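Below is one structure, written out as structure tokens; the observations come after it.
The values are calculated or read from the model by the stated rules, or taken from the named source; none is laboratory data. Because the structure is a prediction, the values reported are computed rather than measured. Note: ideal-geometry Cβ built from the backbone for every residue, glycine included; neighbour counts use all protein chains shown. Surface areas here come from the heavy atoms of the whole protein model, side chains and all, with no ligands, DNA or RNA. Shrake-Rupley method; radii C 1.70, N 1.55, O 1.52, S 1.80 Å.
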Amino acid sequence: DRADVVIGTSAGAIFGSRLLGGEPPAEMYERQLTGADRIDIGSGLSTTLRFLWAALGSCDPDRSVRRLGRAALAARSGPESEVFDVLRPL
């Protein structure tokens, strides 16, 4: 609660904004443990494995980035409005 700037990406951005909004860290931790903030993004094990393989399947960082980009572009996603509906309460 004393930071001048809070920076985060993905879950870190949500966590940081909740901290700045006054939500106690212990409460956020408890919600995480109980699964109260679980978000189902519709990706399963196969999607996760594809992304891991794309990111870690090469020792060449440039090749890994290209593979990860191709995997992201090929990934199926739902309508943007559904993502906003899920994240809005957070």
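Would you mind telling me which numbered condition in (1) surrounded by 11 or more Cβ atoms within 10 Å (Cβ to Cβ); (2) part of a loop (DSSP other than H, G, I, E, B); (3) acidic (Asp, Glu) residue 4 fails?
If we test residue 4 against (1) surrounded by 11 or more Cβ atoms within 10 Å (Cβ to Cβ); (2) part of a loop (DSSP other than H, G, I, E, B); (3) acidic (Asp, Glu), just (1) comes out false.
Any residue at all in the stretch 58-66 that's of a type in the set (Ser, Thr, Tyr) and under 18 Å from residue 10 (Cα atoms)? Give the derivation first.
Filtering the stretch 58-66 down to residues of a type in the set (Ser, Thr, Tyr) leaves 58, 64.
So of that shortlist, the ones also under 18 Å from residue 10 (Cα atoms) come out as none.
Checked the stretch 58-66: no residue is of a type in the set (Ser, Thr, Tyr) and under 18 Å from residue 10 (Cα atoms).
Given the residues 38, 67, 63, which is the only one that is without any contact (Cβ under 8 Å) to a residue 60 or more places away in the chain, in a helix (DSSP H, G or I) and open to solvent by 70 Å² or more (accessible area, probe 1.4 Å)? Write out each step before concluding.
Values: 38 fails: in a helix (DSSP H, G or I); 67 fails: open to solvent by 70 Å² or more (accessible area, probe 1.4 Å).
When all the criteria are applied, what remains is 63.
So which residues in the stretch 70-90 are open to solvent by less than 60 Å² (accessible area, probe 1.4 Å), closer than 22 Å to residue 46 by Cα and outside any helix (DSSP H, G or I), if there are any at all?
So in the stretch 70-90, the residues open to solvent by less than 60 Å² (accessible area, probe 1.4 Å) come out as 71-72, 75, 78, 90.
Those left that are additionally closer than 22 Å to residue 46 by Cα: 71-72, 75, 78.
Hits for the stretch 70-90 are 75, 78.
Which residues, counting only those in the stretch 41-57, are open to solvent by less than 100 Å² (accessible area, probe 1.4 Å), more than 18 Å from residue 10 (Cβ to Cβ) and not hydroxyl-bearing (Ser, Thr, Tyr)? Before you say what the answer is, go through the steps one by one.
Of the residues in the stretch 41-57, the ones open to solvent by less than 100 Å² (accessible area, probe 1.4 Å) are 42-44, 46-49, 51-52, 54-55, 57.
The next check asks that each one be more than 18 Å from residue 10 (Cβ to Cβ); those that pass are 44, 46, 49, 57.
Within the stretch 41-57, 44, 49, 57 qualify.
Which count do you get for residues in the stretch 7-35 that are within 20 Å of residue 88 (Cβ to Cβ) and assigned to a loop (DSSP other than H, G, I, E, B)?
At the first step, the residues of the stretch 7-35 found to be within 20 Å of residue 88 (Cβ to Cβ) are 8-23, 27-28, 31-32, 35.
Those still in the list that are assigned to a loop (DSSP other than H, G, I, E, B) too: 8-10, 21-23, 35.
The number of residues fulfilling the criteria is 7.
Just give me the residues in the stretch 14-24 being loosely packed, with under 13 Cβ neighbours inside 10 Å and either among the β-branched types (Val, Ile, Thr) or modelled with pLDDT under 90 (or both), in sequence order. Let's see the steps before the verdict.
Within the stretch 14-24, the first condition is being loosely packed, with under 13 Cβ neighbours inside 10 Å, and the residues that meet it are 20-22, 24.
Those that are loosely packed, with under 13 Cβ neighbours inside 10 Å and either among the β-branched types (Val, Ile, Thr) or modelled with pLDDT under 90 (or both): 20, 21, 22.
Which members of the stretch 41-59 meet the condition of being in a loop (DSSP other than H, G, I, E, B) and under 16 Å from the mean Cα position of the chain (by Cα)?
Kept after step one, since they are in a loop (DSSP other than H, G, I, E, B), are these residues of the stretch 41-59: 41-44, 57-59.
41, 42, 43, 44 - these are the residues of the stretch 41-59 that are in a loop (DSSP other than H, G, I, E, B) and under 16 Å from the mean Cα position of the chain (by Cα).
Just checking, how many residues over the stretch 9-35 are among the polar types (S, T, N, Q) and either touching a residue at least 60 places away in the same chain (Cβ under 8 Å) or within 30 Å of residue 74 (Cβ to Cβ) (or both)? Please lay out each step first, then the result.
Step one: of the stretch 9-35, the residues among the polar types (S, T, N, Q) are 9-10, 17, 32, 34.
Retained after the next criterion (residues that are either touching a residue at least 60 places away in the same chain (Cβ under 8 Å) or within 30 Å of residue 74 (Cβ to Cβ) (or both)): 9-10.
Final tally of qualifying residues: 2.
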